[in-house]
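Accompanying notes for the structure given below.
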Amino acid sequence: MKRLLKDERGEANYFSTVVFIFITVLLLAFIIDLFSIISTKQQLDHCADQMVKQIQLSGGTNVETDALFQYLCSQINGANNITYTIDASYKSPTPGGMSRAIQLGSPFYITITGDARLGGFWNFNLVNIRIVSRGTGVSEHYWK
């Protein structure tokens, strides 16, 4: 027994090699899937920045804002159920052509949320992740 414990000869059988390769492949799948979620978060951040710019210049939300949001969402891979909300104080009465108007110098906050899944190569959907991107801006349009 003492001789076996001091023996420095390394032995690996087929079973341990297969298990090691399987665990390595699963770890790689997890890392690749994690990088895709990070990429999705960056795409949602870009979407929030573009929405802030559009709302700043137009002075509120209108049909163009929704069209831009739909276009930006169509370019995002890896997220589902993408929605946005805007927290602002709106001008009343609403000017023509606007669904909601934000007065010059008034701050607004936009939040974009989407659902992503972490699941590996076979899309087991093990973990559901809610990705949130936020943006802040100030209206640059004066409403009379």
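Rule-based calculations on the coordinates, nothing more; no lab input. Remember, it's a predicted structure, so these values are computed and weren't measured experimentally. Because the Cβ atoms are built from the backbone with ideal geometry, glycine has one as well, and the counts that use them run over all protein chains shown.
With axes computed from alpha carbons, what is the tilt in degrees of helix 63-74 against the longest principal axis of the chain, rounded to the nearest 10 within 0 to 90? It is inclined by approximately 10 degrees.
For the chain, the longest principal axis of the alpha carbon atoms and the long axis of helix 14-58 meet at an angle near 10°. Amide H contacts of Ser106 (H built 1.01 Å from N, in plane; Pro and chain starts excluded): Ser139 sit under 5 Å, all sequence-distant by 5 or more or on other chains.
In the range 1-102, which trypsin sites (Lys or Arg not before Pro) are in a loop and have at most 10 other Cβ atoms within 10 Å, using DSSP for the loop call? Present the calculation step by step, with values, prior to reporting the outcome.
On the way: sites: Lys2, Arg3, Lys6, Arg9, Lys41, Lys53, Lys91, Arg100; in loops: Arg9, Lys91.
Here the trypsin sites (Lys or Arg not before Pro) that fit, given the DSSP loop and packing criteria, are Arg9.
Using helices alone, I'd like the mean residue ellipticity at 222 nm for the chain: each DSSP H run of four-plus residues gives -39500 (n - 2.57), total over residue count, nearest 500. Working shown, then result.
On the way: 3 runs with 62 residues, N = 144.
Counting only the DSSP helices, I get -15000 deg cm²/dmol.
Amide H to amide H, with H built 1.01 Å from N, Gly119 comes under 5 Å of Asn125, Leu126, counting only residues 5 or more places away or on other chains.
Percent relative contact order of the range 104-144, based on C-alpha pairs within less than 8 angstrom and at least six residues apart?
Numbers: 62 pairs, mean separation 21.3, N = 41.
Worked out over the range 104-144, it gives 52 percent.
Averaging sequence separations of C-alpha pairs under 8 Å and six or more residues apart, then dividing by the length of the range 34-123, give the relative contact order as a whole percent. Relative contact order comes out at 34 percent. Of the options [x] 39, 15, 11; [y] 26, 17, 14; [z] 54, 14, 10, only one is semi-axes √(5λ) of the Cα gyration tensor in Å as computed from these coordinates, and that is [z].
Rounded to the nearest 20, the Cβ-based charge dipole of the chain about its Cα centre (Lys and Arg +1, Asp and Glu -1) stands at 320 debye.
Rounded to the nearest Hz, the phi-derived 3J(HN,Hα) couplings of the range 99-110 under the Karplus curve 6.51 cos²θ - 1.76 cosθ + 1.60 (θ = phi - 60°) are 7, 8, 10, 10, 6, 3, x, 7, x, 9, 10, 10, where x marks glycine and proline.
So, R0 is 41 Å and r is the distance between the beta-carbons of Thr83 and Leu27; what FRET efficiency does that work out to, to 0.05?
0.80
Computed from the C-beta positions of Tyr90 and Ala67, the FRET efficiency with R₀ = 22 Å rounds to 0.65.
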